[in-house]
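First comes the structure, then the notes that go with it.
The values are calculated or read from the model by the stated rules, or taken from the named source; none is laboratory data. Here the structure is a predicted model, which is why all the values come from computation and not from measurement. Glycine also receives a Cβ, built like all others from the backbone with ideal geometry; neighbour counts cover every protein chain displayed.
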Amino acid sequence: MSEVPCHVGIIMDGNGRWAAARGLMRYAGHRQGIESVRAAVRYACDTGISYLTLFSFSSENWSRPHQEVADLMQLLKFFIRRDLAKIHKEGVKIRVIGAREGVADDILKLLDEAQTLTEQNTRLVLTLAFNYGSRNEITRAAVRLASKVERGELQASDITSQLLEDHLDTAGLPNPDLLIRTSGELRLSNFLLWQCAYSELVFLDTYWPDFTSEVFASALTEYRNRERRFGGLKARSAG
């Protein structure tokens, strides 16, 4: 297995619990979490990871209290406005996946501008899963394929797993080699369910605001100690 995974996905969890443990408002945890995003992007660039996908806002997160959702939107704006120029200079390409329905126009405009500005960059593809849910993504892909069948552009018998994958939001991206989740929770929470079928999963007790380059390195060490078989058998030793 390669020493460095090509594609790493991260479920960034634990901001609220980090804040509560310190007697702070949840907003403080989300704000500190931005620093961890910066650290993760820098580390990915420095170690040669080609793709980094972050679960930034779930389609289920809209059910949180109105003020918390508003705070999260403001932090997203803050991150893009403050960091976009630096990210662009570092050669990072930003890609956004998730449903656009229900997202405010000013947020969509910022996300579109970030993607347009950085679209030629090649050092790292930073994918932000925003207003994203994997079941919704798969459903939307199925609807697009069904519409093509209805229009006579495609036969139902032509649909393969690869064709469905080509209609997902992540089309053109390699599937994650490694999926990291922080905060000690042991579930995928509707994140990249199709794409992570054969990903190595590393669950960390660390809350996301405490996710440093050292913690990232420990996850990569765990990854290197795994043997990926994709449903096959363990390779036999020579001799």
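In the range 188-239, of all residues being out of contact with any Leu (no Cβ under 9 Å at 6 or more places or on another chain) and aliphatic (A, V, I, L, M), the one that is modelled with the lowest pLDDT corresponds to 238. Of all the residues in the range 146-185, those that are of a type outside the set (A, V, I, L, M, F, W, C), touching an Asp or Glu at 6+ places or on another chain (Cβ under 7 Å), within 20 Å of residue 216 (Cβ to Cβ) and buried (at least 18 other Cβ atoms within 10 Å of the Cβ) number 4.
Pairs are defined by a Cβ separation below 7 Å, a sequence spacing of at least 6 or placement on different chains, a first member in the range 110-128 that is in a loop (DSSP other than H, G, I, E, B), and a second member that is of a type in the set (A, V, I, L, M); the pairs so defined are 121/92; 123/92.
Can you tell me which residue is nearest to residue 188 (Cα to Cα) among those in the range 1-40 that are of a type in the set (A, V, I, L, M) and buried (at least 21 other Cβ atoms within 10 Å of the Cβ)? Give the derivation first.
Kept after step one, since they are of a type in the set (A, V, I, L, M), are these residues of the range 1-40: 1, 4, 8, 10-12, 19-21, 24-25, 28, 34, 37, 39-40.
Pick out the ones that are also buried (at least 21 other Cβ atoms within 10 Å of the Cβ) and you get 8, 10-12, 19, 37, 40.
On the way: 8: 14, 10: 10, 11: 8, 12: 11, 19: 23, 37: 19, 40: 19 Å.
Within the range 1-40, the match that is nearest to residue 188 (Cα to Cα) is 11.
Kindly indicate whether any position in the range 135-144 is out of contact with any helix residue (DSSP H, G or I) (no Cβ under 7 Å at 6 or more places or on another chain), of a type in the set (Ser, Thr, Tyr) and either at negative phi or buried (at least 20 other Cβ atoms within 10 Å of the Cβ) (or both). Yes, there is a match, as at least one residue in the range 135-144 is out of contact with any helix residue (DSSP H, G or I) (no Cβ under 7 Å at 6 or more places or on another chain), of a type in the set (Ser, Thr, Tyr) and either at negative phi or buried (at least 20 other Cβ atoms within 10 Å of the Cβ) (or both). Taking the conditions (1) touching a Phe, Trp or Tyr at 6+ places or on another chain (Cβ under 9 Å); (2) at pLDDT 95 or above in turn, residue 59 satisfies each one other than (2).
The listed residues are 28, 70, 99, 85, and the only one of them that is touching a helix residue (DSSP H, G or I) at 6+ places or on another chain (Cβ under 7 Å), hydrophobic (A, V, I, L, M, F, W, C) and not in a loop (DSSP other than H, G, I, E, B) turns out to be 28.
Annotation note: Cβ proximity below 9 Å between a residue of the range 94-105 that is at positive phi and surrounded by 20 or more Cβ atoms within 10 Å (Cβ to Cβ) and a residue that is of a type outside the set (Val, Ile, Thr) and assigned to a strand (DSSP E or B) (sequence gap 6+ or interchain) occurs for 98/56; 98/57; 98/58; 98/128; 98/129; 98/130; 98/131; 98/132.
Just give me the residues in the range 186-222 being part of a loop (DSSP other than H, G, I, E, B), surrounded by 21 or more Cβ atoms within 10 Å (Cβ to Cβ) and among the small types (Gly, Ala, Ser), in sequence order. Listed by number, the list holds a single entry, 199. When residue 80 is tested against (1) at pLDDT below 95; (2) surrounded by 17 or more Cβ atoms within 10 Å (Cβ to Cβ); (3) under 22 Å from residue 60 (Cβ atoms), exactly one condition is not met: (3). When residue 143 is tested against (1) out of contact with any strand residue (DSSP E or B) (no Cβ under 7 Å at 6 or more places or on another chain); (2) outside any helix (DSSP H, G or I); (3) under 25 Å from residue 196 (Cβ atoms), only condition (2) is not met.
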